[in-house]
Each structure stands twice: as structure tokens, then as C-alpha cells.
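Presented below is the structure to which this report refers.
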């Protein structure tokens with residue numbers, strides 16, 4: 001009798017146990033009985049016992065003592081025992097167990113058994129858990145079975161061969177001839193096995209792949225037969241003839257057509273046919289279409305076919321079935337860098353998917369949307385992304401926030417927009433942004449001197465509304481500390497001003513200091529800001545003094561240290577207080593990256609090319625005017641600076657394209673974040689006279705973009721004031737000068753002045769720069785000119 | 001590595017009904033995967049898409065009545081086809097047991113495995129025709145019955 005009845009009784013007994021404890025009891029009793037039975041000799045009920053053990057094993061209980069029983073059962077002449085024995089072997093034995101070797105002999109014998117169902121058991125088990133040893137041993141046998149006349153056996157042998165090749169790569173050679181001949185089979189099962197085997201062989205060895213390329217016409221024929229032929233009841237699934245086989249053949253065609261023009265041409269028509277003829281109303285048809293699209297996009301298909309494929313994906317995006325939308329986006333993600341324009345056409349639909357209920361779909365839509373952001377659609381895309389951010393699931397927040405920051409860095413149409421966007425993100429998702437956001441934002445703000453007033457007003461208002469988002473509070477405190485005087489002045493061009501008294505500002509900062517929501521870092525920011533205000537306000541300095549002295553006994557060590565130091569500033573070092581707390585200089589990108597270590601270098605690296613782009617688009621009128629004036633002034637001496645000047649005898653070198661892929665911005669966004677260390681830019685001294693030194697360093701940002709940093713210092717005994725630099729470059733080169741960090745140079749090199757010059761040299765002319773230096777020293781005005789012909793690092 | 005890594009069947013309460021592994025991994029690892037799969041899949045809302053990303057695998061799952069069918073496939077695999085594979089297996093079970101339900105699979109789990117092993121092998125599809133798979137199972141069952149009878153007759 002079949003194993004079922006005693007087995008079912010045991011299952012019933014186990015299921016009727018009411019508690020876990022009771023169940024364990026039942027199982028322990030049963031296992032004891034099973035063990036006892038195993039020890040007995042042949043009693044006709046062996047298969048029942050093993051089946052029971054396998055059930056117990058599935059519930060999660062240990063069953064290793066059944067391994068030897070499996071070995072014995074497999075060797076039994078009874079089919080019922082073999083069947084359960086092999087099942088047990090597949091469940092309890094894997095190649096890591098020693099006992100698995102013991103069944104090799106049984107398998108070998110069973111492979112040549114007269115009954116095909118016994119052979120089938122052996123083949124199945126070998127394909128499931130055969131170790132490398134066993135595979136080597138039995139490979140010739142499998143090859144023999146591949147040539148058998150029995151389709152049932154052949155198809156199983158084919159998959160067995162696949163397993164063997166996966167385990168022992170060298171054995172692939174052995175199966176090549178049989179695999180080739182199997183392609184002429186009519187039986188779908190065998191054909192399928194053959195295609196899988198050939199795929200495996202081709203993936204393992206490029207030489208084999210070359211040989212099998214010749215089969216492309218045969219494969220095309222087979223596919224045609226499947227697609228065009230009428231209804232075949234045996235293999236039909238909702239109107240598609242053997243979709244499993246179709247997909248497998250398509251995948252093999254993909255591998256054979258990759259990087260090969262001839263093979264790709266041979267399959268072009270077929271792919272077009274499949275793409276147009278397959279019924280897309282059911283999942284099964286879409287599965288075939290999906291595989292076709294993947295194949296078309298991967299081989300060297302002609303452009304018409306590629307467009308067809310992308311359009312199919314576009315249709316998928318509009319499908320009601322969520323699964324289909326999901327895989328459409330996954331595929332579009334893969335091609336967004338290569339077929340960017342084609343994917344852009346479907347941007348609207350993709351953005352709509354951001355509002356989908358399903359988290360997986362949302363995730364895909366987010367990744368794809370971020371990849372599709374460009375300079376032309378930044379405003380509308382950002383609107384959508386910000387809406388998404390406010391309602392997105394928490395696990396996607398961090399990714400969305402950092403994606404938005406990157407996009408803003410690259411394509412911000414204006415500084416104000418950029419700052420507004422970052423503030424928006426901080427208000428909505430402040431808890432999920434990266435740590436580098438705070439220093440990055442601060443740096444952005446310092447670089448935008450024309451918006452200081454606007455920024456500090458906005459941040460002050462944000463601070464009044466909500467002090468729970470730490471990054472926002474930190475930046476707000478910093479700005480209030482720095483630009484508190486602008487806040488108190490009350491007038492602002494960009495936004496409606498708010499009448500703020502000194503007490504209001506100090507109240508706001510004190511609330512942050514005292515709130516239990518503020519982290520120690522935030523409180524540090526607030527304390528420092530309060531201190532800075534002491535030089536920017538007039539009436540309430542005493543209040544600041546008292547706040548600072550209170551925190552001198554704060555439990556938090558960091559705060560305490562700060563407060564004590566600030567106290568000292570008030571008392572002993574009051575004469576230095578103004579100098580110490582004055583307005584900070586513009587923070588340079590490079591300096592931030594190098595001081596903060598590797599971690600902050602990654603956003604630095606990505607945003608740098610983007611930052612340059614953004615600064616190029618946000619053209620403040622003044623520097624351009626400067627250039628025009630200067631060129632006029634230089635008058636007759638313009639000639640050597642014009643483009644088309646002889647390349648020959650010039651000392652300066654041609655601009656070479658730097659390895660930094662600023663042009664491949666999208667690739668940067670998609671390709672993961674590998675921090676590359678910023679090499680310090682080489683500097684060269686270009687001017688040294690009367691104690692004033694001017695050094696120059698430059699960095700290639702992109703194919704034609706270049707950033708030049710000019711640093712001036714004063715080693716004389718007297719201070720220099722009104723220090724300005726003007727620059728002129730050849731006509732075809734575009735130039736923008738950033739605001740200098742300061743306009744005075746204290747004596748004895750007390751402080752350095754830095755100024756950034758951004759150049760764009762699209763025609764790749766010889767780069768020269770004429771710099772005019774102008775300053776006042778000891779009451780007299782000094783002007784000088786220097787020409788730079790060679791740029792270090794180029 | 002096989003395209004299909006594992007197939008799990010579990011109930012809405014998270015009880016495992018069938019497990020088929022197509023790669024060699026330790027018992028401990030298997031238990032961990034089972035736990036994670038059941039947690040992840042059971043937490044899914046209805047009417048969400050049937051695909052999940054888990055480590056470097058794609059998880060394709062579908063619920064049929066009280067049973068969840070969960071297939072772990074390699075990253076390059078066609079998810080829509082994986083859904084069809086699951087559906088085909090359910091059809092095969094349905095044909096064999098006649099209106100299959102969870103209890104059939106509980107009390108005849110070894111049959112469920114035998115059917116699976118006629119449909120899939122070594123992480124690949126073995127036979128694409130429903131009829132051929134059904135006939136093979138019927139024949140094997142018949143062989144078991146007749147061989148039993150044959151074997152139980154005394155040899156002398």
C-alpha cells in the first residue's frame with residue numbers, strides 16, 4: 001500500500017495538537033518510533049516511515065538520522081521505496097553531506113534501469129544535488145542518454161547535463177555535439193532542454209558561443225514555427241504557443257546576437273514579427289513581449305526595431321496591471337543612459353507612477369524620474385519630486401532627498417531656486433538627509449552673497465514655525481549668527497520683510513538652546529550663533545553675556561567648553577572679540593572636501609561638475625561687464641589673445657579632456673557613489689612684487705570647463721586695502737569671476753585673499769590670461785599687470 | 001548558479017507546506033530564508049505588484065486561496081514568466097488532485113513534490129506540456145501500485 005495512509009494518520013495527529021509543546025511531544029514520539037523502525041530489517045513499511053520523517057523535517061525538526069535510510073531505500077528494488085528514497089535524498093542530502101557519495105552507485109545503476117520512471121528518478125536527483133565528484137563520474141552516462149530515442153529521458157538528460165556543466169565547467173565540451181543535434185527535435189520538452197543546455201554552454205565559453213552562432217537560422221525557424229503556427233492544444237497558454245520555449249529561445253538569441261552584427265541582422269525580422277504579432281492582453285503574451293524587448297535592446301538591432309521596443313515599454317507603462325508597469329520601469333532604467341531621448345518621451349507617465357499605491361512601483365518611478373531630470377525640465381520635475389517627498393514611504397525618503405539634492409546641484413536654474421529647494425527638502429524630510437547636507441548648504445549660502453538677506457529671513461521664519469528638523473535648525477542658527485545684522489535691518493529685496501527686534505532673535509535662539517528636541521550639535525550651533533550676534537547687535541549684549549555664562553556650567557562637555565571660551569572672549573579678550581566673530585570668508589569647495597575627510601568627498605565630487613554648470617547658467621551681470629571693459633582697455637595688445645593664434649611656438653599646452661566625467665552627469669547619478677580622492681591642484685606663482693604675491697592653481701571640470709583659483713597674500717609691514725583683480729582671456733573663451741573672499745590684505749601675510757575664476761573654452765584654443773592687480777598701500781594706489789601663458793596641471 | 005533558486009509554499013499563518021531548493025545551502029541558511037520570505041510576503045498589501053527585490057534576487061510571489069507560492073529567481077530572470085511558472089504548477093496540482101486545496105498538499109505532500117519534479121528540474125523548466133506531465137505522474141503512480149502488487153507476491 002502507498003505510504004499515504006500511516007503518513008496521513010500521523011499528520012492528523014500532529015495537526016490536532018493544540019500547543020507548540022504538545023506538537024513537539026507528538027513529534028518526539030513519532031521520531032522515536034521511526035528510528036526504531038529504521039533499525040529493523042525489511043518490513044514492507046519502510047517508505048511510510050521515511051515519508052513521515054520528511055514531513056517532520058518540513059515542519060522544521062531535525063531529521064539527519066534519516067540520511068542513511070534514504071541511501072538504503074534508493075538501493076531497494078521496490079519502486080515505491082526508491083521514489084521516497086530519492087525524494088528524501090533531495091531533501092536531506094546535499095553535496096556537502098558525506099552520505100551523498102554513497103548514492104552514486106545506486107544512481108549509476110538506476111540510470112541504466114529498464115524502466116524509464118526509475119531512470120527519471122535518478123536523473124532528477126542527480127540534477128538536483130549532484131556533487132562535482134558525482135558529475136564527473138556520471139557525465140559519460142548522461143551523454144549516452146542524450147542520444148537515446150526516448151524523448152522523456154532525453155529531456156531530463158539535457159537538464160542533467162546543464163547541472164553537470166554548472167558544477168564542472170570543463171565537461172561542457174563533452175556535451176557540445178549532442179546539444180547541437182538535439183536542436184532538430186520536434187518534441188518541445190527536449191527542444192527546451194536543448195536550448196537551456198546550449199545557453200549554458202555558450203555562457204561558459206566564448207569559443208563554444210562562436211560555434212553555436214551558426215544555429216541562429218535554426219532557432220529563428222523554430223520561433224517562426226511557434227509564432228505563426230495555428231493553435232496547438234498541447235502547448236497553448238491563452239493563445240500563445242509554448243511561451244516557456246519562446247522565452248528560452250529569445251534569451252539564447254540574445255546571447256548569440258550580442259556584439260555581433262551578422263547574427264543580429266539574421267534575427268531582426270523575427271523579432272519584429274514576435275513584437276507585433278504577440279497578443280498582449282494576458283500576462284503570458286506580455287512575458288514573451290518583455291523578453292523580446294530585452295533581446296532587442298541588448299543586441300545590435302537596427303534603430304527602427306529599437307524604437308519599436310521602447311514603444312512597447314511605453315505601452316506597458318500605461319497598462320492597468322501593476323506588474324507590467326513595474327517591469328517596464330525596470331527595463332527603462334537599464335536603457336535610460338543609452339536611449340535617453342526615447343525614454344524622455346514617456347516622462348509624464350513615469351512621473352505619474354510616483355503616485356502609485358504600490359511601494360515597489362514607487363521606488364522604480366523615483367529612480368527613473370531622478371535619471372530623467374535635465375536642465376530643461378528641472379522646474380517641473382522638481383515640483384513633482386517635492387510633492388512626492390512629502391508623501392513618500394519612509395524607506396524611500398533618504399533616497400529621494402539625496403536624489404533631489406543632486407538634481408538641484410546639477411541643474412538649478414537660479415541660486416534662489418536652489419536654496420529654496422534645499423530648504424523645502426529640509427522642512428519636509430529633514431530627518432532623512434545626509435550629514436553633509438548642513439555644511440554643503442552653508443557653503444552654498446556663503447557663496448550667494450546677494451541672497452544673504454533673503455536666506456536669513458526665510459530661515460528665521462522657518463525656525464519660528466518648527467524646531468524639530470535638526471539639519472534645518474542648524475543651518476538657520478548658523479545663518480542667524482552670521483547674518484543677524486541683515487535680519488535686524490528689516491529691509492529685504494527678495495521677500496517681504498519682517499520687523500524683528502534683537503530680543504526676538506535672541507528668544508528664538510534660546511528656545512532652540514533649551515528645547516529637548518535639539519541635539520547637542522544643534523545646541524552647539526545655537527550657542528555659537530548667539531555669541532556671534534554679540535558683535536552684530538547693539539542693545540542686548542548683556543543678555544548674550546548672561547546666556548553664555550549660564551552654559552558655562554552645562555552638563556554637556558562640548559557646550560560647556562564653548563561657553564567657557566566665549567565667556568573668556570567677553571572678559572579677558574574683549575579686544576579680540578570683534579575680529580574673532582567677524583563675517584566668515586567664502587568657503588571654498590576644495591577646502592571643505594579635504595578637511596572633512598573622505599566621507600564628504602563623494603557629494604563634493606558629484607556636485608563639483610554640476611556646480612560649475614549651475615554657476616555658468618546663473619550669470620550675474622557684473623563680471624561680464626568687467627571682461628568687456630578690460631578687453632577694451634587692453635586695446636592694441638589684444639592680438640596675441642585672439643583665437644586662431646599659432647599653435648606652434650606657444651609655450652602653453654592644449655587643454656586636454658580630463659578623466660572626470662562631468663559630461664556623463666547621468667552616469668554619475670546612476671552609477672553609484674565611488675569616492676575618488678581630490679588631488680591637490682598644483683599652484684604656480686604668477687606675480688611677486690613689492691611684497692604682494694599672487695599664485696594660481698587650476699582644475700579641469702569638464703571637456704571645456706576650467707576653474708582657476710587666484711590667491712593673493714601680502715608680506716609687507718603695512719596693510720593693503722581695496723585689493724582687486726581683473727582678468728582677460730582670448731575672445732572665444734568665456735570667463736566669469738566669482739566674488740573674492742575679501743578685499744583687504746593684512747600685513748605680514750595675516751590673511752590670504754582668494755578669488756575663483758570660471759572659464760569655458762569650447763573651441764579649445766591656447767589658454768592665456770591677463771590679470772590686472774590693483775590695490776592701495778600706505779595711501780598710494782598701485783596697479784600692475786601680469787600675463788599667464790601656461791596653466792599648471794593642464 | 002541556477003536561475004530559480006528556491007520555491008516555497010506557505011500558508012497565511014506562515015506554516016511551510018513545501019520547500020524546494022535548487023542550490024546547496026546549509027539548513028540554517030534555509031531556515032533563515034524561509035523566515036524572511038514569509039515575513040516579507042505576508043506583510044504585502046493586497047493589489048500590490050507581485051515582485052520584490054531581496055538581496056541580489058527577485059522574489060516572485062502569488063497567492064492562491066490560502067497558500068502563498070514564493071519563487072526566488074536570479075536577477076536577470078523574466079518575472080512575468082516566473083508568474084506563469086507558478087500558475088502552471090498550480091494547474092498541474094489542480095488537475096491531479098481535482099480542485100486542489102491546501103489540505104491536499106498537506107496530507108499528500110510527497111505527491112506535490114513528485115509533480116513538481118516532473119515539471120521543474122535543476123532550477124529549470126523540464127516539460128512545457130501539461131498533458132505530458134500529468135501522464136507521467138499517472139504512469140508513475142500506476143507503476144508504484146503494480147510493482148507493489150508484483151513485489152508482494154512471494155518469489156517462490
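Readers should treat all values here as calculations from the given coordinates under stated rules, not as data from a laboratory. Small disclaimer: the values here were computed from a predicted structure and weren't measured. Cβ atoms come from the backbone with ideal geometry, glycine included; neighbour counts cover every protein chain shown.
By the compact-protein rule of thumb, 2.2 N^0.38 Å, the alpha-carbon radius of gyration of the range A:89-171 corresponds to a ratio of 0.99. The length gained on full extension between residue A:715 and residue A:564, counted as 0.36 nm times the residue separation minus their Cα-Cα distance, comes to 50.9 nm. Between the helical axis of A:470-489 and the longest alpha-carbon principal axis of chain A there is an angle of about 20 degrees. When the square roots of the Cα gyration tensor eigenvalues are ordered a ≥ b ≥ c, the ratio a/c for the range A:7-152 is 1.5 or more and a/b exceeds b/c, which makes its shape prolate. Inter-chain neighbour count for B:76-88: the average number of beta-carbon atoms from partner chains within 10 Å of each residue's beta-carbon is 6.
Once C-alpha pairs closer than 8 Å and six or more residues apart are averaged by separation and normalised to the residue number of the range A:435-581, the relative contact order reads 19 percent.
Among A:251, A:347, sorting on how many other beta-carbon atoms sit within 10 Å of each Cβ, with the fewest leading, yields A:347, A:251. Summary of the geometry: the range A:556-570 and the range A:401-456, compared by the centres of their Cα atoms, lie 30 Å apart. Peptides A:180-186, A:321-327 ranked from most to least packed, by the mean per-residue count of other Cβ atoms within 10 Å: A:321-327, A:180-186. Distance from the alpha carbon centroid of the range B:1-55 to that of the range A:74-93 works out to 26 angstrom. The range A:110-158 has equivalent-ellipsoid semi-axes of 17, 11, 9 Å, by the square roots of 5 times the alpha carbon gyration tensor eigenvalues, sorted largest first.
All alpha carbon pair distances within the range A:141-268 were sorted into 5 Å bins beginning at 0; the resulting P(r) in whole percents reads 2, 11, 22, 22, 20, 14, 7, 2, 0.
Between residue A:12 and residue A:468, the simple label model (points 7 Å from Cα in the Cβ direction) yields a spacing of 5.9 nm. Quick check: the distance between the Cα centres of the range A:745-794 and the range B:74-113, to the nearest angstrom? Each part's Cα centre sits 76 Å from the other's. Between the Cα long axis of helix A:520-533 and the first principal axis of chain A there is an angle of about 10°, rounded to the nearest 10.
Just want to confirm a number: the relative contact order over chain A, from Cα pairs under 8 angstrom separated by 6+ residues, in percent. Show your work: numbers first, answer last.
Values: 1104 pairs, mean separation 41.1, N = 794.
Once divided by the residue count of chain A, the mean separation gives 5 percent.
Each listed q (0.22, 0.24 Å⁻¹) maps to a log10 I(q)/I(0) for the range A:744-794 from the Debye sum over equal C-alpha point scatterers, namely -1.02, -1.10.
Given a cut-off of under 8 Å on Cα pairs at least six residues apart, what relative contact order in percent is computed for the range B:4-152? Walk me through the intermediate numbers first.
On the way: 160 pairs, mean separation 31.1, N = 149.
Relative contact order for the range B:4-152 comes out at 21 percent.
Take the Cβ atoms of residue B:99 and residue A:109, set R0 to 51 Å, and the FRET efficiency comes out at 0.80. Per-peptide packing, taken as the mean over residues of other Cβ atoms within 10 Å, places A:195-204, A:270-279 in the sequence A:195-204, A:270-279 from highest down. Counts of other chain beta carbons within 10 angstrom of each beta carbon in peptide B:11-17 average 1. For the protein assembly as shown, the Kirkwood hydrodynamic radius comes to 33.8 Å, computed from all pairs of different C-alpha atoms. Between B:20, B:31, B:58, the residue with the greatest mean-square fluctuation in the GNM of chain B (Cα pairs under 10 Å linked by springs) is B:31.
Mean partner shielding of peptide B:112-123, defined as the number of other chain Cβ atoms within 10 Å of each residue Cβ, is 6.
Each peptide in A:127-133, A:58-64 receives the mean, over its residues, of other Cβ atoms within 10 Å, and ordering these scores from highest gives A:127-133, A:58-64. Report, to the nearest 10°, how far helix A:557-571 tilts away from the longest principal axis of the Cα atoms in chain A, using its own Cα long axis and a range of 0 to 90°. Roughly 10 degrees between the two axes.
One quarter of the convex hull surface built on the alpha carbon atoms of the range B:4-152 amounts to 10.0 nm², the projected area averaged over directions.
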